[in-house]
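Below is one structure, written out as structure tokens; comments come after it.
The values are calculated or read from the model by the stated rules, or taken from the named source; none is laboratory data. In this text the structure is predicted, and so the values were computed from the model without any measurement. Cβ: placed from backbone, ideal geometry, glycine included. Neighbour counts: every protein chain shown. Just so you know, the surface numbers come from the protein's heavy atoms only, side chains and all, with ligands and any DNA or RNA stripped out. Shrake-Rupley method; radii C 1.70, N 1.55, O 1.52, S 1.80 Å.
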Amino acid sequence: MINEFIEDICSILNIVPPQISYDTSHFQTETMLAACDNEGRTIFLRRQDSMTPDFYFGIAHELRHVWQIRTESRLLDNYKTSNQCENSEMYNLQPAEVDANAFATMVMADFFHIKPLHDGMSDRVIAQIHKRIEELSANGLFE
Ligand SMILES: [Zn+2]
């Protein structure tokens, strides 16, 4: 199930699937579901009892970061981790985060007909995500 989803997303992104690890020892919070390494080789997932929309969203988001690292690294210029940002808005306004959230939002619409609520994100961040979705749609992603 999860492997099939990862393969589907990687084929959309046209990348070789990264390795999957369930080692979450370096996750910063209890609620964190997914992460990737800086080289784009591995995604780390927190084991779930059931596959929730948040989990799918997190996987799609991290796979998009893998794609960024491998093929569009300019999106990661001056990238700061959440600890290096003054607040979550600053973090979420970074081009890499906007792009990953836009991509994951498109995945949820395309695969599950679900519209993520972007809980806790400011109107400014959500507007940037929507702008990026329009750009990616115009470029023919998910057609
Ligand atoms: Zn991210």
Subject >> Residue tally, condition small (Gly, Ala, Ser) and within 9 Å of the ligand (Cβ to nearest atom), over region 83-103 >> reply: 2
**OP:** Tell me, please, whether a residue that is within 15 Å of the ligand (Cβ to nearest atom), among the β-branched types (Val, Ile, Thr), free of Cβ contacts under 8 Å to residues at least 12 places away in the same chain and more than 18 Å from ASN14 (Cα to Cα) can be found in region 113-126.
**Re:** no
Subject >> Checklist (1) modelled with pLDDT of 95 or more; (2) open to solvent by 60 Å² or more (accessible area, probe 1.4 Å); (3) among the charged types (D, E, K, R) applied to ARG46, failing item >> reply: (2)
**OP:** Quick one: which helices (runs of 4 or more DSSP H) lie wholly within region 61-143 and hold at least 3 residues that are within 15 Å of the chain's Cα centre (by Cα)?
**Re:** 95-107, 123-138
